[in-house]
1. Could you give the nm distance between label points at A:E130 and A:A143, where each point is 7 Å from its Cα heading toward the beta carbon?
2. Normalise the Debye intensity by I(0) for segment A:1-128, one equal point scatterer per Cα, no solvent, then take log10 at q = 0.16 Å⁻¹ and round to two decimals.
3. For segment A:66-89 and segment A:49-64, what is the centre-to-centre distance using only Cα atoms, to the nearest Å?
4. Would you mind ranking B:R26, A:R71 by Cβ crowding within 10 Å, fewest neighbours first?
5. At B:V52, with labels set 7 Å past Cα in the Cβ direction, how many nm apart are the copies from this one, shortest first?
6. Under the √(5λ) rule applied to the eigenvalues of the Cα gyration tensor, what semi-axes describe the equivalent ellipsoid of the protein assembly as shown? Give them in Å, descending.
7. Output the Kirkwood hydrodynamic radius of segment A:15-77, Cα pairs only, in Å rounded to one decimal.
8. How high is the relative contact order of chain B? Use alpha-carbon pairs under 8 Å, at least six apart in sequence, and give a whole percent.
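Just so it is clear, none of the values below were taken in a lab; they were calculated from the coordinates. Nothing here was measured: the structure is a model prediction, and the numbers come from that model. All Cβ positions, glycine included, derive from the backbone under ideal geometry; neighbour counts span all protein chains shown.
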There are 2 protein chains.
Amino acid sequence: MASDARDDAPVTLSKSERAYLFIKERIENGSYSPGFRLVLGQIAKQLEVSVVPVREAVRRLEAEGAVTFERNVGAQVAMVDEREYFYTMETLALVEGKATALSAPFVSSLDLIEARDINAAMVDCLHHFEPHRFTELNLEFHAVIFEHCPNPHILDLVHRGWNRLALLRDSTFSFVPGRARESVEEHERLLQLIESGAAPLDIELAARAHRTGTLDALLNHQANQGR
Amino acid sequence: MASDARDDAPVTLSKSERAYLFIKERIENGSYSPGFRLVLGQIAKQLEVSVVPVREAVRRLEAEGAVTFERNVGAQVAMVDEREYFYTMETLALVEGKATALSAPFVSSLDLIEARDINAAMVDCLHHFEPHRFTELNLEFHAVIFEHCPNPHILDLVHRGWNRLALLRDSTFSFVPGRARESVEEHERLLQLIESGAAPLDIELAARAHRTGTLDALLNHQANQGR
DNA sequence: GTCGATCTTATCGTATACGATCTAGTCCAT
DNA sequence: ATGGACTAGATCGTATACGATAAGATCGAC
């Protein structure tokens, strides 16, 4: 992040990795919006590399679900509709719930303090209306807990879900007024469950409901707006 | 499977796909056991293709977790220890549980009949001691249900889990005597839950316990055998 | 004027080639 | 004999080149 490898002296980053990060970044920040055609030769020229590493990067993004690929035709940024958003949220609810429950026993009192600090900062964001930072802090909050997740596969699924959300954030995400405040309250309740050593299943379902609640809020909000 | 594309006229299968299937097959049937070094040029010669599609296949397998890859060093079949097995089973319990609950409302009475037929065949396998076929039928049983899963992401995770298990089947899986019979009984109970339109969460937890039970049985079994 | 066949072009899929990097073995100095 | 530097071989990473495929344009027939 600090020193973006100037031109052709990547200290420890292969060209295919550079291509991967390059494309991924552009997809996430919206430069390449859903449906955008990724032409290998074109991207290769921009990056001043050959098509081979670019192709590898694109296939990798395909494996991650960020782009779709058709043989002899090409790749394009994955189309993400409401249905996709729903599936992703449902899956996230599932894996985040489990990840929270599995992590709970390993959350220290220091972690709890840090989590509460973050949650407080989120309240500040509400007052100053900084939705972007709010979302960031939300991830940090959960990261403090998940950091202890003993099952790396489940943790990986959580990160995949987050990536996917980042992908379609700009197109689908909309800030639902009441939900943000509800969210920070649920955070505090989650922390209390963890602190009190509640049953794993209780924690799991609470964390699951936390995610599901965001989904429901969004759906209701859209429905009320006649969409 | 039926017609292994003779030489250079793959009707509708790219060379990288052929390489992918070739390697995957060998990993699953144990020809390439964990730790086996996958040398691109070597495999390329065997398949009479260049290294480029082979490399693509290997990277794809890496993304799936079947092989590990180190830059400028090479790839090898992923090492899978008991811990890995545990993680996979825990994750599978999670996603299979949800997949079952989500699919339940769409399971028809015809599906129920088919599932019960398969379950009966599994009992036969027990009597004739055919553990391999038993495992196959077990997958079919769950497939009948999951076929209706409305969330493709979760279904995909189930399949990934199955793939992963197939990967380490030979090295870690051992047939636990009493568990198989227990398993078919749990199948029947699952079907009854689905049939009676039980609450989604009940179905989810039952399906989850079904998978967890296999894991516990295996762990206890190993513990009792002093390992 | 519309439909279908041919041709053109853009893009992908793969082969080959070569430079870069790692690993291991050898040799020399201590 | 042991440790470190050097050399050689193997393997990977990427560039370039060319054949293969598919989408679109052009032209002719009805």
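1. 1.6 nm
2. -0.95
3. What the calculation gives is 16 Å, centre to centre.
4. Going from sparsest to densest Cβ surroundings: A:R71, B:R26.
5. 0.8
6. Numbers: eigenvalues 244, 232, 96 Å².
Calculated on Cα positions only, the semi-axes equal 35, 34, 22 Å.
7. Values: mean 1/r = 0.0891 Å⁻¹.
Computed over Cα pairs of segment A:15-77, the Kirkwood hydrodynamic radius comes out at 11.2 Å.
8. Values: 216 pairs, mean separation 52.7, N = 227.
Relative contact order for chain B comes out at 23 percent.
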